[in-house]
Every structure is written in structure tokens, then in C-alpha cells.
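The values are calculated or read from the model by the stated rules, or taken from the named source; none is laboratory data. Bear in mind that the values here come from a model prediction, so they are computed numbers and not experimental data. Neighbour counts run over all protein chains shown; Cβ positions are idealised from the backbone, glycine included. Note: accessible area is taken over every heavy atom of the protein model, side chains too, but ligands, DNA and RNA are not part of it. Shrake-Rupley method; radii C 1.70, N 1.55, O 1.52, S 1.80 Å.
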Amino acid sequence: MTTSLVRQVIPQPRPRATTATTTTTATGVHGTTAPGFASVHHFFERACREAGPPGSRGAALAVVRDGELVVDLWQGTADPATGTPWTGDTLAPVLTGSHGILATAVLLLADMGALALDRPVADHWPEFAVRGKGAVTLRDVLTFTARLPGMAEDLDQRDVENPRMMAALLEADGLEDDPRACGVLHGPWTAGWIVAEVVRRVDGRDLDLFFLEEIAGPLGLDVHFGLIPDQLPYTARISYGADFRSRLPVPEGGGAGDDAADLSGRVWNNPPPFPADAGVWSERRRRCTAVPSLGAYASARGLARLQGVLAADAVRAPGEEPLLLSRRTLDQARSLWAEGLDPLLGKVTAYGEGGLQLLDEGPHLALRSGAFGHQGPGGTAYRAWPRAGTGAAWVSGRLTAGPGARVLDGVAGAVERALRAA
């Protein structure tokens, strides 16, 4: 287990009292909305009702526009086991949404000149080159086109809490033979371990410490890879909706060595990222370990702030000093590189060269161009809308089918109306 000893709880941006309306409704929704965003409260409240009885399951929504927190809403219980209420500072496991945060760390190292996306991983990690992996690039890893979606070795839930061991196992692993792995094939674990080892070898710091010292700390973001004990009481406990696990590619049982499960077993059940006992993700050991692909934690405010920073940097004038990433790096990162139907998840996904998931905002034409973020299985959804200078995030303790994506669709409409009014 590799967990940094140096951590801190970062102060959060607050809404301006003079421009925001504070609300506490009969359904238990708390927080603020700025003028022009009152409709977002309705979308949030409806999504919370769909997730369960009032107050039973917690969630939060934040929107940052031009650096200001214009929506800051939360509701429900963060930890049903203790009765701890959700607050604006509650940290939630980002799970599959961790990939976009992971990609941001790689892009910063690229901006620093420490690595290049089109260079082989083995340039930084020579032992990785064995068994046909010598030509695999960081771009391949970040866009899920590396033919390394799963592991041949049978793994359990404790194994994935040891990134160094996972890196050693990946050194000995070969490319996936199944032809379905030639396109976009999301693997919930492997990309994170590869990236974390490259970060360590290039920078000298573990991923969690690098992210804290170079991104979260300087920008004041409550976003972390792994937690310290002081943060545990303010962290949400996850649970599954009735239909959540049934939508995953394989049921419980059958790992890497199960011929019946084949590719699905190696990718989605070795070990399962969403095991039958959701309590795995609330164990102290798991929370305090840096699990790169699934183990980021964030408040809605922190995650929305990060997306707002990226949205602003993506449209800066050439040569203008960025908050985080240069316009050149973000232009490359958002340039379409891979698009296809994931053969296991059954969904079409598109990625830019830097591993940012590219999004189609449907009818919202003013936002559609260049939008990126995350949408997928789990309780988190987030968006960056460069044309609007806006970032938004939904986090929840209840994993169910798509409420976050639907809420952010509603937010997109409100942002578009605010653009037209301006």
C-alpha cells in the first residue's frame, strides 16, 4: 500500500452571498443558487427524490462559472450507518470518474515537458516492454486502446490496494488476444496502475502526492487520491440502487481463470470494481489507499471547480498564462483520437488524445463544441463546457442508473440560457 504521509484538507470556494439565493426546502435540499440558475434546484430535487425517500441517500451538485460557485446544493445522508448528514464539504468516492482526474495529472506532466503522450510507456518504465508491450504509448493507455483492459493473474480486493504489486504484475502481462480488445475497451483497473507507475518513475512522487502538491493544493480543490484519517468522518458511504449491478457486463463470480467469463471476467470481475458488498469502498484501508483508476475522492464543489479551471484554460488566448494546463496541451487532449462501441459495456464512447472523455451535449448547441468530462457507471458525473467557462459536478452515495447525467443535462440548459442572457 502506498499512501502519502503529507496531506491536507483544502479550503473550498464559497458562493457570493450578495448574488446567491440560500434555500432549505421541505425535501431537505440545502445550499445556494445564483440568479438564472433557479431551475437547477428543480432538477436536483427531482433526482434526489428518484434516488430514494427524502434524506435517505445523499447527493450534491455544484456549478462553477467564470470562477464563481453559482450552484451549491446538497441533500440527504452521507453515511446511513452513522446518520452523518451530507454537507457541502462531504467527500464522495468518484469511482470510474477518477479516470478524467488521472488524465489531468498526466496532461500536467506533459505540459511540464516530463513526458509525451505518443512516447512508449517503456521509455519511462523499461520493464514494461516485455511480451509485446514495447510500442504501447501513454495515449493508448489513456484512451483504452492499449489492448490491456484486464489482468491474466487472478486478483482479489486486497491486491488492488497495492499499486506497486500491480505494476510488477503488469510488467509480466501480455496484450489481450481477444479481438474485441482492439478498439475502445474500458478497463476499470489497469490504466490507473500503469499511469501511477509512470508518474512515480517520471516525477519521483507517488500519484497522490503529485496531485496534491501540483494540482489540488495550488488551486484549493477538495479532490484527492486516497484520504487521511481526519477526512474519514466527512466521507460518504456508497450503496447500490436495485438495478445498478445488473447493468454491469458480468455478475459476481468468474475471474481471470474462468473460461466461461473469458474477456468479461478478466476485465470486469478480476476483481469486480463493484462487488456484491458495497462496503468494500467504505473500509478504512480502501479509503486511505491510492487506487488510481477508481480511488479519487471529491466534494461536488472541488470537482466542479477543477472542471471550471479546465474549461477556462481550454479557451485562453495563445500565450496567456493558464491556471493549470496550457491551451496547446488542452487542444491536443480534446482532439478526437478514439471513438467506438465498447463491446462489453455496449456504449459508444469517444476520447481525445489526452484521455479526456468527449461529450455530446445534445440540443444545447452553445455548449456542444469541445465539451468533455465523465459519464458512466457509478455515482458521479461531471462536465467542462469551455465555450461557457463552466464546470459542473454531481456526486452521490447511491449508485443507480443515470440521475447525475440527467441532472447535468438540465444544468446545461440553464448555462445555455445564462449565456444567451449575457
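Please label the shape of segment 145-280 as rounded, prolate or oblate, based on the square roots a ≥ b ≥ c of the eigenvalues of the alpha-carbon gyration tensor (a/c under 1.5 means rounded; beyond that, a/b larger than b/c means prolate, else oblate).
Working: a/c = 2.14, a/b = 1.30, b/c = 1.64.
Oblate, because a/c is 1.5 or more while a/b does not exceed b/c.
If you sort the three axes of the alpha carbon gyration tensor as a ≥ b ≥ c, you get a/c of 1.5 or more for segment 173-242 and a/b no higher than b/c, which makes it oblate.
Hey, can you rank 221-229, 282-290 by average C-beta count inside 10 Å, highest first?
Final packing ranking: 221-229, 282-290.
In the full protein context, segment 123-260 carries 38 Å² of accessible surface per residue, based on a 1.4 Å probe and ignoring ligands, DNA and RNA. Principal axis analysis of the Cα atoms in segment 39-127 yields extents of 53, 35, 21 Å, listed in decreasing size.
Farthest towards the positive end of the charge dipole of the chain, among the residues Val63, Pro249, Leu232, is the Cα of Val63, using unit charges on the Cβ of Lys, Arg, Asp and Glu.
Seen against the Cα atoms of the chain and their longest principal axis, helix 300-313 is set at about 80 degrees.
What part of the accessible area of the chain, given as a whole %, is carbon or sulfur when the probe is 1.4 angstrom? Carbon with sulfur: 51 percent of the solvent-accessible area. If contacts are Cα pairs under 8 angstrom and at least 6 residues apart, what is the relative contact order of segment 66-134 in percent? With pairs under 8 Å counted, the relative contact order is 14 percent. Largest first and in whole Å, the equivalent-ellipsoid semi-axes of segment 364-416 read 21, 10, 9, each the square root of five times a Cα gyration tensor eigenvalue.
Calculated on the Cα set of the chain, radius of gyration then Dmax: 20.1, 62 Å.
With the charge dipole of the chain set up from +1 on Lys and Arg Cβ and -1 on Asp and Glu Cβ about the Cα centre, the Cα lying farthest toward the positive end among the listed residues Leu148, Val315, Trp337 is that of Val315. Just checking the listed ones, Gln332, Gln357, Gln375: in the Gaussian network model of the chain with Cα springs under 10 Å, the one fluctuating most is Gln332. Seen against the Cα atoms of the chain and their longest principal axis, helix 403-421 is set at about 50 degrees. Each Lys and Arg Cβ is given +1 and each Asp and Glu Cβ -1; about its Cα centre, the chain then shows a dipole of about 1260 debye.
What FRET efficiency do you get for Asp178 and Thr82 if R0 is 35 Å and r is their Cβ-Cβ distance, rounded to the nearest 0.05? Numbers along the way, then the final one.
Working: r = 44 Å, r/R0 = 1.26.
After rounding to 0.05, the efficiency reads 0.20.
Projecting label points 7 angstrom from Cα along Cα→Cβ for Leu232 and Lys347 puts them 3.2 nm apart.
Over the chain, Cα pairs under 8 Å with separation of 6+ residues give a relative contact order of 22 percent.
Working ranking of peptides 342-352, 133-143 by packing, defined as the average number of other Cβ atoms within 10 Å per residue, highest first, is 133-143, 342-352. As a length-normalised measure over Cα pairs under 8 Å and 6 or more apart, the relative contact order of segment 340-402 settles at 20 percent.
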